[in-house]
Structures are given as C-alpha cells and as structure tokens.
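S.K.: Pasting a structure here, questions to come.
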Amino acid sequence: ADNQGPGPARALAANSKPRTVQGGAVYTTPFAPNVMSVQIMLNTDGRPLNARIELLQGPNNNKQVMEVYCEDGMDRPFYVVVETPGDGNVVRIVNTATLEYPLSAHVEAFVIDNNRNLATQGAGLRWS
C-alpha cells in the first residue's frame, strides 16, 4: 500500500490527535451548526477494523449509517467526508469488534461556513 505523499487522509492523520475506541465502545462528538461537512478516518495497528459510523441529527435520529470492515486497518485505513447540513449534528462511532480489536478515530470539521451567524441562528446543541 502507498502510505506516502499528500492527501486529505494523511493530512488528517498528521494534524489531529486520534481517539482510541476500544472494542464494543462508542465515541460520540457533536459539531457546531456552521460545520458543513466532517472528515472521519478510522485505522488500527494492523488488526481488522470493524465499525459503524452514524450521523445523528437530534436525539437518536440516524440520518446516515455506514458499516465499515477491512482486514488490516493500518494498510487500508477508512477515510470519508460526510455532509452535515442543519443544526444539532453528532457523529457516533461504534467499534463493533471485540475488546481485543481497538481502533483509532480521527474526526474533524472539513468545511466550515464562517458566514453563518451563530448569534442569530442559535449555537445548536450544548454538551456539559
């Protein structure tokens, strides 16, 4: 596999800190209403990658669901850009593998609409 050279997945891996998601665990992260799309990369240390990526809008309202599997998450990491229109978007990553197979998740905003006035349109969900 070609793991050298430029590309959005390599830039995301180089410029963001991954979140380790143990097998059977869930990682959830909300996004501000001015985030128009989100980039997600999942990889492992060479073990199989088995996960579900969900885009939620509102409480437990699935807008998009992706089932992801690959035999070697280091040679073939999974990278996707997901559109997130509207308010209250949350990305939920579920590691559907067993405890012995953790994964690393990189989740960052991809396109941000800086012209959107959050003061008049609301700031979306607030998490404590």
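S.K.: For the range 92-108, give me each residue that is part of a strand (DSSP E or B) and crowded, with 20+ Cβ neighbours inside 10 Å.
M.R.: Ile93, Asn95, Leu103, Ala105, His106, Val107
S.K.: Looking only at residues that are among the acidic types (Asp, Glu) and in contact with a Ser or Thr (Cβ under 8 Å, 6 or more places away or on another chain) in the range 73-111, which one is nearest to Ser16 (Cα to Cα)?
M.R.: Glu108
A short reminder: the numbers here are calculations on the coordinates, not readings from a lab. Keep in mind the model is a prediction, meaning the values are calculated, not measured. Methodologically, a virtual Cβ is constructed for each residue, glycine included, from the backbone with ideal geometry; neighbour enumeration extends over all protein chains shown.
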